[in-house]
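Engineer: Got a structure here, written out as structure tokens. Questions coming.
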Amino acid sequence: MMNRYLAITLGITLVLASCAGDFTPYNEVKSLRILALQAEPPNPRPGQTSVLRALVVSPDNQPITYEWSWCPAVGSANAGYPCLLDEQTLRGELNAVLVGAGDAVPTYDLGTATEALLAHAISPLVLKTACPRLIEESAGMLTEDCTQSFSVYLRLTVHTANETVTAIDKLAWQYRDDATPNQNPMVTSLGQVTRTGYDAFAKDGTTLLQRNQRVTVHADIPETAAQPYTMASGQAAREQLLFTWFVDAGDTEAVRTTFIDGEVTWEVATQNDWNLPTTDDAPNAAARLWLVVRDNRGGVAWHAAQVTLQEAP
Amino acid sequence: MNSWFLLVLLGAQMPLAETAPVAEADAAELQAAELSKAPQQTKFVEAPYPPEAQRQGLEAEVVLLLEIDERGLVQAATVLTPAEPAGLGFDEAAVAAARQFEFEPAEVAGQPVAVQIAYRYRFTLTPVMPGPTAPPPATRNFAGALVERGTRKPLPGVRVLLYQDTDVTSQAFEARSDSLGEFAFYDLAPGSWEVRIEAQGYQTYVTRETVTAGEAVVATYFLERLSYNPYDVLITAARPRKEVNRITLEAAAIERLPGAAGDPLAVLQNLAGVGRPSLGSNDVIVRGSAPEDTQILVDGIEVPLAYHFGGFRSVLPLAMVDSLDFYPGNFASDYGRATGGIVEVNTKRLAPERPHGTVDISLLDAGIYVETPVGEHASLALAGRRSYLDTVLKVAVPDSAGIDLVAAPRYYDYQLLATYQPAPAHALRLFFFGSDDRLELLFKNPAELSTQATNGELAASTGFYRTILSYDFTPSTTMKNELRVASGRNKIAFNTGNLMFDLNFYTAQVRDRFTFAFNDKLDIALGTDILFLKTDISTRLPRLALEGEPESNTDRSQLLSATRNNQISWTPGIFADFEVRPIEGVVALPGVRVDYFQTTQTTTLDPRLALRHQLFESFTVKTGLGIFHQEPAPDETDPLYGNPDLKPERAVHYSLGAEWQPLLGLNVDVTAFYKVMDDLVSRSSRFTDRGQGPEPLRYDNEGIGKVKGADIVVRQHLQSDLTGWLAYTVARSERRDSGATAFRLADFDQTHILTAVVNYQLPANWEVSGRFRYVSGKPYTPVLGTTFNNDTDQYDPIYGRSNTRRLGPFHQLDLRVDKRWVFDTFIVAAYLDLQNLYNHRSPEAVSYSADYTEHRAQRGLPILPLFGVKAEL
């Protein structure tokens, strides 16, 4: 009986213990990547419209096309999060709760611009009432509990001439107008820590850094980015932030850092070491650094910086 | 003669000097393979040499058939092969002497049984020693004791010869050691005497002692065995006795197997029908079944955790193990709640003659074992073991690793075994054992642990203890009752970031088996097997992956929290086994088992049948058919994680095979098997309504499976310097999930499993053994693409059809060298276990880059030398 749980323990431990080996580190951008999606606001209240943005990087600067869509019920990750409920069925189910409610359903196709809009336009009461039926209708969907909020899924597929990548994001449509809003965090700047203090990287990319050196990079973020909030249990908490440091040249000491109130200090969380490449490793003089910040309630922000690499004297 | 009587062809080793009639033994070779102990002669009576034969200078040999009862007394002695020449009185003299022999009784599973043995009695003329006949004893001036070197075991019945050659006279005297190994001489003349001690199976011992007038010489002589290899005394029950398939491994054989480092359960992987688990695991994969389908028992009682850290090391040290029974299928009705196989560890049959013990030190851990007699009827054994990997790792892991080893990884286990047999009919055993494993890491950067970690802690702990009280009552040779009462606690806890579980099980189990030999043609066994569980569980996990599914997504938005306290579960079962012998050579074993599973509120009926027919002396055919049930895993029936309406899974085992002994000591066993499984728990997309509206069913019992294959075992019995076996299994294991139309390969499908084990004993207590294994690669599910998950900042793989790819094969050669150094009062043994001798790093799994665009085979360990030392005191 315990073997099944022991297998979980071992499985997780082994996964955690396994090293990346010779693989390209997660944070080294070598191909077309969606580094982050952002919905503003991240958890819209009834009537609000979220602006959907994406941090997409093509290392060779190829033209990128965007395809935005959303779906209220998706299948498993293992199957690629397929949409399990078509628009017509969704409208029909909502209309069954309240005649005309289905008319408020935004089209699933959200366009091909670099940004998209998604409105929380359906009555929360209708959503809450229809939810169990929607779950049954879309057998196999991930979300089974829609008593607190109604989860919808954003999908972005980006293409270049020879690459395609897809990202998924979950958005929680709040039922109540007075729900405590979450705000996306904000990154003011990226820079390096020097003997004299903090030097933000120049916005025009002219900051010079020596190749084959280790630079301590720092993210200038107000500590208020980690917002206080009340958990579902009623307990007061402070947001946890996850910082992912992407580079297109060299590598970083940590792929990610994190701020956990009481566990990891703000200073530690907002710093990393960037090992700058040699000319052999990265002939381009320009090197880019992206920092993506996620809070544990769906908030996302990012900041990009570019520096110029020079040979050591 | 009752049902316990077994035919044993045994030439008992009798240590006698060349001047005496000799009862000489061959190495033990058993037809009744289930003996756990051969009869050992404790009293020898010398037959008077027939006068006429002595006058004519004739020597002879008589082969006797002795019937030895449960007390070790000779009940009958008859001549199997008469002496040549006949008519001189050899046969009569041998029979008369043999009737006065006494033995330590033979045993089956630790219980004394009556046996028949063939006994060779050789009459050898004694060369007439020159010199006068010794005068009647008056003064005891030379006394001594004979003990076995290294073990200090007394040697009874050994002849001690004294010679003295002077210019004037030559004298010779002889004495025989008594049951305590002691001997004495009287009125020896002062001077130097040559002492010569010869005993079968021991090196000849020669020394000189000086007898001084008015003083007594007291000496202890340590006789060294020709070999201290445990195989010398091994009585293996390689052939199944009744079941279609049962393989028994004795502790002595387990210890020497290469690649297992003396681990009692790791050796299972050498047996036919057992698949190879993942690296680092010792999961028992039996004939294509999942590990949780096979039950591991200790003295008939279920144990939750057989290994430290799931596969690192068995929780029972070899010193506490007597033997291991493995049933790959078609097991009898007294075993239940498993649809795969049964592994039963039989704890040691204590019979210490004096306090002694062992200290065992290896690269992984150190252990101590002590056993001692307590009075005449009781014995006690204590053992303990602790790993020191944590100490080594704390030194080895640099500060820059970003990890603090708070407790990493540490395990220990402990055992206490007490036996008490106030009378032959009553045998009591108490076995208390447990283990505790702990791993605790602190990641300085919690983000390296998980993108959703709420702290840097990774902690896992497992532990359990059991108390098993056994009472065997054997009022007569036709009746026996075996009662086992056990209780204990299992605990397993895990916590990392946002995932956690904390499980506590309080368990009790009662097993009782009453056996009655109704007549020569019928034995009956009736019993009950009741398992009780009280469970306290707290979890925060995603729904777990089922067999055939890739690992579950650990997105925290999908985590489910549950707390269940005081959950009571009763699983009572009753069984009846019959052994019917309608005609000579035919044994039928019908049985039936009824179980009630409270969790699923289901009663199951499992009829089973095994048949054996000995067509010729060396050829037996066998077949089996049976139904087996087991409960779904706890999470699968949990209302939050699974479906509380599930019912037990079912398997039907079919097997057909033959056993052939083409040569003495060589056995060939071929078994074809077919296993059909239904009611397997499978993921379902259907919905149900339990009165509160539609809700997802999540799991149903619509999965089915089938396994077909064959086991082939060629075994050279352990009677010569070269021993070993070849085990080969070919099988195909498939499943069909709920709603699917086609079968797929099961996770545990391994087409070819080949194991060859060879052991060669060398002089001077050296021993070399080797093991070669070849196993088809494991199936795996390919990754076809990915989706970037913005919530978790990770890529989620998109999988193709389940188990449609297969890893490359595993093959490995292991070599083990053992050496024993024998000192007067102790023995030191050392081994070097070289695993993966030719350094082939077999593929173990497929690993992927973070975005799954790169992948490669994860390779196994390179050549790995393991070294260990054991002192036997």
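The values are calculated or read from the model by the stated rules, or taken from the named source; none is laboratory data. Please read these numbers as outputs of a predicted model, since none were measured by experiment. Heads up, the Cβs are rebuilt from the backbone with ideal geometry, glycines too, and the neighbour counts pull from every protein chain shown. Areas reflect the complete protein model, heavy atoms only, side chains present, ligands, DNA and RNA absent. Shrake-Rupley method; radii C 1.70, N 1.55, O 1.52, S 1.80 Å.
Engineer: Which residues does a label at B:GLN100 reach in region B:62-81, if reach means a backbone N under 15 Å from a point 7 Å past the Cα toward the Cβ?
Structural biologist: The answer is B:74, whose backbone nitrogens lie closer than 15 Å to the label point.
Engineer: Points 7 angstrom from Cα along the Cβ direction at A:ALA200 and B:GLN75: gap in nanometres?
Structural biologist: 10.1 nm
Engineer: Let me ask something else. At 25 °C and 0.890 mPa s, grab the translational diffusion coefficient of region A:63-154 from Stokes-Einstein with a Kirkwood Rh over Cα pairs, rounded to a whole number in µm² per second.
Structural biologist: The diffusion coefficient I find is 178 µm²/s.
Engineer: Continuing with the same structure: Per-residue mean of other chain beta-carbon atoms within 10 angstrom of the beta-carbon, peptide A:163-173?
Structural biologist: Taking all residues of A:163-173 together, the mean is 3.
Engineer: A further question on this structure: Over its Cα atoms, what ratio of radius of gyration to 2.2 N^0.38 Å does chain A give?
Structural biologist: 1.13
Engineer: Quick one: pull the percent of accessible area on region B:669-828 belonging to carbon and sulfur, 1.4 Å probe, ligands and nucleic acids left out.
Structural biologist: On region B:669-828, the fraction of accessible area on carbon and sulfur atoms equals 58 percent.
Engineer: Also: For chain B, what is the accessible area per residue in Å² when the probe is 1.4 Å?
Structural biologist: 40 Å²
Engineer: Then there is this: Between B:THR602 and A:ARG133, take the C-beta separation as r, use R0 = 30 Å, and let me know the FRET efficiency to the nearest 0.05.
Structural biologist: With a Förster radius of 30 Å, E is 0.40.
Engineer: Moving to a separate point now. Taking the Cα centre of chain B as origin and charging only Cβ (+1 Lys, Arg; -1 Asp, Glu), how large is the dipole, in debye to the nearest 20?
Structural biologist: 1460 debye
Engineer: Using label points projected 7 Å from each Cα along Cα→Cβ, tell me how many nm separate B:ALA576 and B:VAL768, to one decimal.
Structural biologist: Roughly 5.7 nm, to one decimal.
Engineer: Of B:VAL267, B:SER323, B:THR600, whose Cα points farthest to the positive end of the dipole of region B:247-872 (charges on the beta-carbon: +1 Lys, Arg; -1 Asp, Glu; origin at the Cα centre)?
Structural biologist: The listed residue farthest towards the positive side: B:VAL267.
Engineer: Using a Gaussian network model on chain A with a 10 Å cutoff between Cα atoms, which of A:THR114, A:THR207, A:THR265 fluctuates the most?
Structural biologist: A:THR265
Engineer: Counting only other chains, and only Cβ atoms inside 10 Å, what mean value do you get across the residues of A:238-245?
Structural biologist: The mean count of partner-chain Cβ atoms within 10 Å per residue comes to 2.
Engineer: Between chains A and B, what is the buried accessible area summed over both chains (1.4 Å probe, protein heavy atoms, nearest 100 Å²)?
Structural biologist: The buried area between A and B, both sides summed, comes to about 5300 Å².
Engineer: Helix A:2-17 against the longest principal axis of chain A: what's the angle in degrees, Cα atoms only, rounded to the nearest 10?
Structural biologist: Orientation of helix A:2-17: about 40 degrees from the principal axis.
Engineer: Give me the compactness ratio for the protein assembly as shown, meaning the Cα radius of gyration over 2.2 N^0.38 Å.
Structural biologist: My calculation over the Cα atoms of the protein assembly as shown gives 1.15.
Engineer: Can I ask one more? Quick one: pull the percentage of alpha-carbon pairs in region B:572-665 with a separation above 23 Å.
Structural biologist: Result: 45 percent of Cα pairs exceed 23 Å.
Engineer: When the helix-only estimate is applied to chain A (DSSP H runs of n ≥ 4, each -39,500 (n - 2.57), divided by the residue count), what is the mean residue ellipticity at 222 nm, nearest 500 deg cm²/dmol?
Structural biologist: Mean residue ellipticity at 222 nm (helix-derived): -4500 deg cm²/dmol.
Engineer: Which number do you get for Rg(Cα) / (2.2 N^0.38 Å) in region A:87-223?
Structural biologist: Normalised Rg, Cα atoms only: 1.57.
Engineer: Report, in degrees rounded to the nearest 10, the 0 to 90 angle that the Cα long axis of helix A:124-137 makes with the longest principal axis of chain A.
Structural biologist: So the inclination is approximately 90 degrees.
Engineer: Given region B:140-223, what whole percent of its Cα pairs are spread farther than 15 Å?
Structural biologist: When every Cα pair of region B:140-223 is considered, 54 percent fall beyond 15 Å.
Engineer: With a 1.4 Å probe on protein heavy atoms only, tell me which residues of region A:18-63 lose at least 50 Å² of accessible surface in the complex relative to the chain by itself.
Structural biologist: Relative to the lone chain, where solvent access is computed with a 1.4 Å probe, region A:18-63 loses at least 50 Å² at A:PHE23, A:TYR26.
Engineer: Same structure again: Can you tell me, using C-alpha contacts under 8 Å and at least 6 residues apart, the relative contact order of chain B as a whole percent?
Structural biologist: Computed over chain B, the figure is 8 percent.
Engineer: Suppose every Lys and Arg Cβ carries +1 and every Asp and Glu Cβ carries -1, with no other charges. What dipole size does the protein assembly as shown come out with about its Cα centre, to the nearest 20 debye?
Structural biologist: 780 debye
Engineer: Binned at 10 Å from 0, what are the whole-percent values of the Cα-Cα distance distribution for region A:43-104, short to long?
Structural biologist: Bin by bin from 0 Å, the calculated values are 16, 30, 36, 14, 4, 0.
Engineer: When you have a sec, figure out the Kirkwood radius of region B:247-872 from all distinct Cα pair distances and drop it here in Å to one decimal?
Structural biologist: After inverting the mean inverse Cα-Cα distance, the result is 26.3 Å.
Engineer: Using only DSSP helix segments of four residues or longer, with each worth -39500 (n - 2.57), what per-residue ellipticity at 222 nm results for chain B after dividing by its residue count and rounding to 500?
Structural biologist: -1000 deg cm²/dmol
Engineer: Along the charge dipole of chain B, Cβ charges K/R +1 and D/E -1, which of B:PRO277, B:THR853, B:THR507 sits furthest on the positive end?
Structural biologist: Positive-end residue among those listed: B:THR853.
Engineer: Ok, one more. Pull up all non-local amide H partners of B:ARG806: gap of 5 or more, or a different chain, and H-to-H distance under 5 Å with H placed in the peptide plane.
Structural biologist: B:TYR780
Engineer: Just which residues of region B:678-719 lose 10 Å² or more accessible area with every protein chain there, against their chain alone, with the probe set to 1.4 Å?
Structural biologist: When all protein chains are present, B:SER685, B:PHE687, B:PRO694, B:PRO696, B:ARG698 each give up 10 Å² or more of accessible surface.
Engineer: Along the Cα→Cβ direction, 7 angstrom out, place labels at A:ASP60 and A:ASN212. What is the inter-label distance in nm?
Structural biologist: Computed distance between label sites A:ASP60 and A:ASN212 equals 2.9 nm.
Engineer: Helix A:87-97 against the longest principal axis of chain A: what's the angle in degrees, Cα atoms only, rounded to the nearest 10?
Structural biologist: Between helix and principal axis, roughly 50 degrees.
Engineer: Over region B:613-699, how many percent of alpha carbon pairs lie in each 5 Å bin up to the one with the longest distance?
Structural biologist: 3, 12, 16, 12, 10, 9, 8, 7, 7, 6, 5, 3, 2, 1, 0
Engineer: To check my understanding: the extent here is largest minus smallest coordinate of the Cα atoms along each principal axis. What are those three numbers for region B:501-555, in Å, largest first?
Structural biologist: 65, 29, 8
Engineer: Taking chain A as a Gaussian network, where each spring joins two C-alpha atoms under 10 Å apart, which residue of A:ARG294, A:ARG195, A:ARG214 fluctuates the most?
Structural biologist: A:ARG195
Engineer: Express in nm, to one decimal, how much length is gained between B:ILE524 and B:ARG540 on full extension, taking 0.36 nm for each residue of separation and deducting their alpha carbon distance.
Structural biologist: Value of the extension gain: 0.9 nm.
Engineer: A further question follows. Among A:THR206, A:GLN271, A:THR252, pick out the residue whose Cα is farthest towards the positive end of the charge dipole of region A:189-310, where Lys and Arg carry +1 and Asp and Glu carry -1 on C-beta, about the Cα centre.
Structural biologist: Positive-most Cα among the choices belongs to A:THR206.
Engineer: What does the structure give for A:255-261 when I average, per residue, the other chain Cβ atoms found within 10 Å of the residue Cβ?
Structural biologist: Per residue, the average neighbour count from other chains is 6.
Engineer: What FRET efficiency comes out for the pair B:ARG806/B:SER476, r = Cβ-Cβ distance, R0 = 51 Å, nearest 0.05?
Structural biologist: FRET efficiency, B:ARG806 to B:SER476: 0.35.
Engineer: Over chain A, average the accessible area per residue using a 1.4 Å probe and give it in Å², no decimals.
Structural biologist: Ligands and nucleic acids excluded, the result is 45 Å² per residue.
Engineer: Return the subset of B:LYS348/B:LYS870; A:LYS170/B:LYS491; A:LYS30/B:LYS394; B:LYS622/B:LYS647; B:LYS348/B:LYS675 for which the Cα-Cα distance in this structure is over 26 Å, preserving the input order.
Structural biologist: Pairs exceeding 26 Å: A:LYS170/B:LYS491; A:LYS30/B:LYS394; B:LYS622/B:LYS647; B:LYS348/B:LYS675.
Engineer: A follow-up question, please. So the label point goes 7 Å from the Cα of B:GLU194 along Cα→C-beta, right? Which residues of region B:207-226 then have their backbone N under 17 Å from it?
Structural biologist: Zone members listed by number: B:207-211.
Engineer: Accessible area, 1.4 Å probe, largest first: how do B:GLU255, B:GLU84 sort?
Structural biologist: Accessible-area ranking of B:GLU255, B:GLU84, largest first: B:GLU84, B:GLU255.
Engineer: Something else: Hey, with R₀ at 51 Å, roughly what FRET efficiency would B:SER179 and B:PHE619 work out to, going by the Cβ-Cβ distance, to 0.05?
Structural biologist: E between B:SER179 and B:PHE619, to the nearest 0.05, is 0.75.
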